Amino acid sequence: MIDLARNGCSASFGELTRRNYDALHHWCVRFMGDPDEAEDVVQEVFLDAYQALSRFRGECRLNTWLFTIAKCKVSKLIRERSRRDRHRTLFSSFDFDVGEIPDHRPTQEEELIRQEQRRVTLAEMLESLPDKYAVPLRLSLQGMVKREIAAHLNRPEGTVKSRIWRGIELLKRKARDGNGIPTP
């Protein structure tokens, strides 16, 4: 059936899809938690498999190959989600309670002042961290990926990851405790 699909038989590829779809979808839901998101991943897996079917050498079972593609896609999505959530959590810690908020929206100038205060506060809080946490965290916030930071600092990537995580935790604790946060 794989040979027929390789030679362009869409019915054969459709049958291969039908045979493997449920198991792949169930696996993706288990790791991603969202059936709709898992559905999108499974469709991408089959699209990638269809486009790469000519390169499938048959050294493993087809479903093993499909699960390998799915694992790569799911891992990438989970890493992206984790990165987004971490940054969202970090920066939501800086949504300071400024007391009673008037009914009208702040002017653009007031909003710019608030943003600048938050930026300065974050910079001051970063400065208060030990360098071993502050430097990799600052580089991460500037957009460098952990692999680049590790090479730049001549440290193992695992060390960089743990120091960034620890730096974020220290910043969150400082924000919660009110250390360095200006009062209105």
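Identify the residue in segment 51-69 that is surrounded by 11 or more Cβ atoms within 10 Å (Cβ to Cβ) and within 27 Å of the chain's Cα centre (by Cα) and, among all such residues, is nearest to residue 9 (Cα to Cα).
52
Please work out which residue is surrounded by the fewest Cβ atoms within 10 Å (Cβ to Cβ), limiting yourself to segment 152-174 and to residues that are among the β-branched types (Val, Ile, Thr) and out of contact with any Lys or Arg (no Cβ under 6 Å at 6 or more places or on another chain).
Among residues in segment 152-174 that are among the β-branched types (Val, Ile, Thr) and out of contact with any Lys or Arg (no Cβ under 6 Å at 6 or more places or on another chain), the one surrounded by the fewest Cβ atoms within 10 Å (Cβ to Cβ) is 159.
Out of segment 1-50, which residues are in contact (Cβ under 8 Å) with a residue 40 or more places away in the chain, within 19 Å of the chain's Cα centre (by Cα) and surrounded by fewer than 16 Cβ atoms within 10 Å (Cβ to Cβ)?
31, 37 - these are the residues of segment 1-50 that are in contact (Cβ under 8 Å) with a residue 40 or more places away in the chain, within 19 Å of the chain's Cα centre (by Cα) and surrounded by fewer than 16 Cβ atoms within 10 Å (Cβ to Cβ).
Search segment 111-147 for residues being of a type in the set (S, T, N, Q) and more than 11 Å from residue 171 (Cβ to Cβ), and hand back the single one that is surrounded by the most Cβ atoms within 10 Å (Cβ to Cβ).
Applying the filter and picking the extreme gives 140.
Coordinate-derived values only; no laboratory data. Just so you know, these numbers come straight off a predicted model, no measurement behind them. In this analysis, Cβ positions are derived from the backbone assuming ideal geometry, glycine residues included, and neighbour counts consider all displayed protein chains.
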